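To start, the structure under review is shown below, and the notes come after it.
Just so you know, all these numbers are worked out from the coordinates, no wet-lab data involved. Remember, predicted model here, so these are calculated numbers, not experimental data. All Cβ positions, even for glycine, are placed from backbone atoms using ideal geometry, and neighbour counts span all protein chains on display.
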Amino acid sequence: MDIRELQGYANFFLTMFLVLLLYGYILHLYRSEKKGEKDYEKYADMALHDEISDAPVENNPKTKESKE
Amino acid sequence: MQSNAAFEYDYSIAKLFTYTTILFGILGMIIGTLIAAQLAFPELNYMFGEYGTFSRLRPVHTTVVIFGFTLSGVFATFYYVAQRVLKVSMAESNLLMTVGKIHFWLYFVGALLATVSLVLGFSQGKEYAQYEWPIDIVIVIVWLLWGVSIFGLIGIRREKSLYISLWYYIACFIGIAMLYLFNNMAVPTALVSGYGNIMHSVSMYSGTNDALVQWWWGHNAVAFVFTVPIIAIIYYFLPKESGQAIYSYKLSLLSFWGLMFVYLWAGSHHLLYSPVPDWMQTMGSIFSIVLILPSWGSAINMLLTMKGEWNQLTDNPLIKFMVLASTFYMLSTLEGPIQAIKSVNAIAHFTDWIPGHVHDGTLGWVAFTIMAGIFHMTPRMFKREIYSKSLMETQFWLQTLAVVLYFTSMWIAGITQGMMWRAVDEYGNLMYSFIDTVTVLHPYYAIRALSGVLYLSGFLIFAYNIYKTITSSKRLTEEPQFKTPMA
Amino acid sequence: MFHWLEKNPFFFSVGVFIVIAFAGIIEILPNFAEASRPVKGLKPYTVLQLAGKEVYKKDNCLSCHSQMIRPFKSETDRYGQYSLSGEYAYDRPFLWGSKRTGPDLHRVGNYRTTDWHENHMWDPKSVVPDSIMPAYKHHFTNIADIETAYAEAVTVKTVFNTPYDVEGGTKLGTWEEAQKMALEEAKLVTADMKNKDVKDAVESGNIPEIVALIAYLNRLK
């Protein structure tokens, strides 16, 4: 088996793996939202309420304000 | 509850980059229009002696619009958007303000020097990577400074999650860093030999290898300058301007990772010509069609964000710009894969269909999105309303007409020339000499030059409108939340 | 699962890097050794030809001319034998181009002469009446940078082991020797040219760009 053929197989299987991963991920996203474990859509708010005085969707515990 | 009320977002860096976006936009488009006209009317080649020929100016056009106009637009919007979605002000960190300022000035001086060096004829001879090594070093430093700004702002953020736009800015940063470094690996000849011009270098790769690396850069530079950061821009400005949350955050997650995966396929048409088994090539094609889904995800997400709000299209020209941009994005991401099909590529390669394809992307998608971003930012950065809505409308229709003229004329020109190159008579002899296939293109080149004039006029109207907005438009007492106010 | 990444910028960036680096690793790296092997009998460029290649790059001829003949009958009929990977082994950078506003030049040395190029660069319409190519009259007055071409040859010889000064290779020698050889080669080119100023310049030891460019174009076979 020469390097070209090996490349072909590697390319094929890795891509297949990534496609499966991606579609698995779609499934995971919709399932966990249906079960009510997570609400992804709330993050879209980050663009709409983006004044510096608006409350963050989720506070970052690492910044200084929250430590104070 | 929080002490951040004392701060305001600091737009000083975003303003500076906005100016260069407009400056380089005008410069790049003037040169573009000139070289388009040179193909139709060759006498125009002699306006500036040896510095004004088509061949010398073409790389100046491409690099000014890519690294001047587009990157300025990306940086301008980044310094605006990142503060807002992270809910942190640049003013909170002296270090970041300093880095931002150095980033801008080094970028601006570097971009001017780079442009002059190309006009003078210092060129590595690689498309979209013409700059010689001293300029490459400046570019790498500028890029790293941007990296410091990105990760520095993220480091002091109040919002824990990164908004969609930031994913794309980060991807742009990493992608270009990797590709640019590998493609521009060169050995300065004066340092090795002690002779000759200090600017000169030779590529580390030779022949076919160099072509592979260059092509890997060339294609992906389009991905990571003309696609990824532009998606970043529209993911912020469309929802914000329309007041509609993005249609689906989940879809944006999928299309982000999907897009990153899809660009694996950028390389795989090398394998089409190599001795890999046939069934594998077929499977490869099938998978790439399967993967169109996530790559269209972003555009569909944009259009669906407007669901039930289509009336905004009629009363807000800004929305019109962004919706048209998304549509052109869909068009060019469909056209690209079609051209990559082996039998289509046999005709399309080396013809004007390729610049035609590039320009539906750049004129229709990239420039429209960046201009919409600037229209949205300017009233907020300068606290004045947009100077004229009717000028926006005029600009929109001029430029839309220009894009349509551009790509239709280049489609016809490309296919005509591709077919003529391969046409044979009944005895199997070539029917046309090369020059026959050039003269036939004259009317299409003239139409393209006209489209350049229209687009450029639209851009000048844009620049005037922004200038008047900054200097003499009505002042705003408070920042508008969604729709941009315009007179 | 993945959502964790958006809250952890470092791992997010690592993830993006892995996903995009992947295509290059699989597709480009393994081809390197094979693709860089020269075809039999291929010689490195002479200093004068390299100087011509610099002119080709400087005026960016590749904006409009490819150097890449594809394996289709219509192309081999028009331009000659299709291009082989090994023919480009000493091309740094490669100059395939991506657009044919003008014809392919990979084997232009087979069917165009010094005389033809001289007329064509001075005024393209004199040999191709409908040509849209600009004239390159400045090539007749600008002096080619032989020293930088020599520097390039020395660099590829020392850094990449390009076979200069070996049996069956191209002779390079010291800077003085290289200058003398370039001038002799230039005189061979000007013997077929008619422009008096160019001939005089070469006689006095300065090689105009046009001479170097023609030496390079004649070498493309």
Item to check | Pairs beyond 18 Å (Cα-Cα), from C:LYS40/C:LYS73; B:LYS307/C:LYS7; B:LYS389/B:LYS474; A:LYS42/B:LYS250 | outcome: C:LYS40/C:LYS73; B:LYS307/C:LYS7
Next on the checklist: Please list, in order, the residues from the range B:291-324 whose amide nitrogen is less than 20 Å from a point placed 7 Å along the Cα→Cβ vector of A:TYR23.
Outcome noted: B:291-298
Checklist entry - Dipole size in debye (nearest 20) for chain B around its Cα centre, Lys and Arg Cβ +1, Asp and Glu Cβ -1? => result 1400 debye
Item to check | Peptide C:156-163 - average C-beta neighbours from other chains (10 Å radius) | outcome: 3
Checklist outcome for this item: With 0.36 nm assigned to each residue of separation and the Cα-Cα distance removed, B:LEU95 to B:ASP315 gains 75.0 nm
Checklist entry - Nearest 20 debye, what's the magnitude of the dipole of the protein assembly as shown about its Cα centre given +1 on Lys and Arg Cβ and -1 on Asp and Glu Cβ? => result 1200 debye
Checklist entry - Which cross-chain or sequence-distant (5 or more) residues have an amide H under 5 Å from the amide H of B:MET486, H modelled 1.01 Å from N in plane? => result B:ILE386
Next on the checklist: Can you compute 3J(HN,Hα) from phi for each residue in the range B:130-147, using the Karplus curve 6.51 cos²θ - 1.76 cosθ + 1.60 with θ = phi - 60°, rounded to whole Hz and x for Gly and Pro?
Outcome noted: 6, 4, 6, 4, x, 6, 4, 5, 4, 4, 4, 5, 4, 5, 5, 4, 4, x
Checklist entry - For chain C, what is the calculated [θ] at 222 nm in deg cm²/dmol (nearest 500), taking -39500 (n - 2.57) for each run of four or more DSSP H residues and dividing by its residue count? => result -14500 deg cm²/dmol
Checklist outcome for this item: Sorted by chain and number, the residues with a modelled amide H under 5 Å from that of B:VAL202, at a separation of 5 or more or across chains, are B:VAL187, B:THR189
Checklist outcome for this item: Everything considered on the Cα gyration tensor (a ≥ b ≥ c; rounded for a/c under 1.5, else prolate if a/b is larger than b/c, else oblate), the range C:47-219 must be described as oblate
Item to check | Nearby aspartates and glutamates by direct alpha-carbon distance to C:LYS125 (threshold 12 angstrom, same-chain neighbours under 8 apart not counted) | outcome: B:GLU43
Item to check | Student exercise, the range C:123-178 dipole from Lys, Arg, Asp, Glu Cβ charges, in Debye to nearest 20 | outcome: 200 debye
Checklist outcome for this item: With a Förster distance of 22 angstrom and the Cβ-Cβ distance between B:ILE198 and B:VAL116, calculated FRET efficiency to the nearest 0.05 equals 0.90
Next on the checklist: Taking the alpha-carbon distance from C:LYS43 and a cut-off under 14 Å, which aspartates and glutamates remain once sequence neighbours fewer than 8 residues away in the same chain are dropped?
Outcome noted: C:GLU87, C:ASP91, C:ASP165, C:GLU167
Checklist outcome for this item: Zone reached by a paramagnetic label modelled 7 Å from B:TRP105 Cα along Cα→Cβ, restricted to the range B:55-96 with backbone N below 16 Å, covers B:95-96
Checklist entry - What shape does the range B:1-102 have by the C-alpha gyration tensor, where a ≥ b ≥ c are the square roots of the eigenvalues, rounded means a/c under 1.5, and otherwise prolate means a/b greater than b/c and oblate the rest? => result prolate
Next on the checklist: If R₀ is 56 angstrom, what is the calculated FRET efficiency for the pair B:ASP425 and B:VAL148, using the beta carbon separation as r and rounding to 0.05?
Outcome noted: 0.30
Checklist entry - At what distance in nm do the modelled label points of B:LEU476 and C:GLU177 sit from each other, each positioned 7 Å from its Cα along Cα→Cβ? => result 7.3 nm
Checklist entry - Fully extended, how many nm does the chain gain between A:LEU48 and A:SER32 (0.36 nm per residue separation, minus their Cα-Cα distance)? => result 3.3 nm
Checklist entry - For chain C, modelled as a Gaussian network with Cα springs under 10 Å, which listed residue fluctuates most, C:ALA153, C:ALA89, C:ALA191? => result C:ALA191
Next on the checklist: Rounded to two decimal places and with Rh computed the Kirkwood way over Cα pairs, what is Rg over Rh for chain B?
Outcome noted: 0.97
Item to check | Selected from B:PHE78, B:GLY121, B:ILE31, residue furthest toward positive end of dipole (the range B:1-242; charges at beta carbon) | outcome: B:PHE78
Next on the checklist: List the pairs from B:LYS126/C:LYS196; B:LYS126/C:LYS180; A:LYS35/B:LYS160; C:LYS58/C:LYS187 whose alpha-carbon separation is above 27 Å, in the order I gave them.
Outcome noted: B:LYS126/C:LYS196; B:LYS126/C:LYS180
Checklist entry - For labels at B:TYR51 and B:VAL344 in the simple 7 Å Cα→Cβ model, what's the distance in nm? => result 4.2 nm
Checklist entry - Got a sec? Which residues in the range B:226-264 would a label at A:GLU41 touch, if it sits 7 Å along Cα→Cβ and we count backbone N under 14 Å? => result B:244-252
Next on the checklist: For peptide B:239-250, what's the mean number of Cβ atoms from other chains within 10 Å of each residue's Cβ?
Outcome noted: 5
Checklist outcome for this item: CD proxy, 222 nm, chain B: helix-only mean residue ellipticity via -39,500 (n - 2.57) per DSSP H run with n ≥ 4, per residue, nearest 500, stands at -22500 deg cm²/dmol
Checklist outcome for this item: Gyration tensor on Cα atoms of the protein assembly as shown, a ≥ b ≥ c root eigenvalues, a/c under 1.5 rounded, else prolate if a/b beats b/c, else oblate, says prolate
Next on the checklist: Quick check: pseudo-label points 7 Å beyond the Cα along Cα→Cβ at B:SER12 and B:TRP397, how many nm apart are they?
Outcome noted: 4.3 nm
Item to check | Under the span-like rule (Cα at least 24 Å along the axis, Kyte-Doolittle mean at least 1.0), DSSP H helices of chain C | outcome: C:9-27
